[in-house]
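Here's the structure we're looking at; comments come further down.
The values are calculated or read from the model by the stated rules, or taken from the named source; none is laboratory data. Treat the numbers as computed from the prediction; the structure is a model and nothing was measured. In this analysis, Cβ positions are derived from the backbone assuming ideal geometry, glycine residues included, and neighbour counts consider all displayed protein chains. When the accessible area is computed, the model is the full protein with side chains, heavy atoms only, and any ligands, DNA or RNA have been set aside. Shrake-Rupley method; radii C 1.70, N 1.55, O 1.52, S 1.80 Å.
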Amino acid sequence: MEKVTIPTSCQQLNHYCKKWKNDKKLENHCIQEQSLNKLFHELLPLNNDISEILIKSSVLNDFYSTNIFTIYPVAKKIQSLDIDKCLKKR
């Protein structure tokens with residue numbers, strides 16, 4: 001098993017973040033993350049409209065291959081949790 005070294009300084013962390021962003025093999029992950037940030041923080045920041053929650057849940061399901069076959073109950077559960085106040089604190 002390969003030994004994993006966890007960055008312990010800001011300099012190391014910045015080095016690996018830059019490496020991750022510039023690695024062509026990981027380009028799709030970086031662009032997906034940017035897309036998710038835009039979707040969740042700019043286009044559809046709230047979680048009270050079921051149609052918006054369905055869009056976000058479906059995108060996550062696709063990007064991360066979670067294999068949730070019926071996404072509607074998941075979206076309904078998210079809506080019922082009224083999570084926006086809690087998310088705003090973070």
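For segment 40-52, filtering for residues that are among the hydrophobic types (A, V, I, L, M, F, W, C), open to solvent by 70 Å² or more (accessible area, probe 1.4 Å) and in a helix (DSSP H, G or I) leaves 1.
When restricted to residues that are farther than 17 Å from Ser58 by Cβ and of a type in the set (Gly, Ala, Ser), segment 22-47 contains 0. Filtering segment 74-89 to residues that are surrounded by fewer than 12 Cβ atoms within 10 Å (Cβ to Cβ) and either among the basic types (Lys, Arg) or not in a helix (DSSP H, G or I) (or both) leaves Lys77, Leu81, Asp82, Lys85, Lys88, Lys89. Of all residues in segment 53-73, those satisfying the criterion of being open to solvent by 50 Å² or more (accessible area, probe 1.4 Å) and over 29 Å from Trp20 (Cβ atoms) are Phe69, Thr70, Tyr72, Pro73. Restricting the first member to segment 13-34 and to residues that are within 21 Å of Tyr64 (Cβ to Cβ), and the second to residues that are part of a helix (DSSP H, G or I) and open to solvent by 100 Å² or more (accessible area, probe 1.4 Å), the beta-carbon pairs closer than 6 Å and six or more apart or on different chains are Cys30/Lys21. A residue that is in contact with a Cys (Cβ under 9 Å, 6 or more places away or on another chain), exposed (fewer than 12 other Cβ atoms within 10 Å of the Cβ) and either outside any helix (DSSP H, G or I) or not small (Gly, Ala, Ser) (or both) occurs somewhere in segment 23-39.
Restricting attention to segment 23-38, the residues that are modelled with pLDDT of 95 or more and not hydrophobic (A, V, I, L, M, F, W, C) add up to 3.
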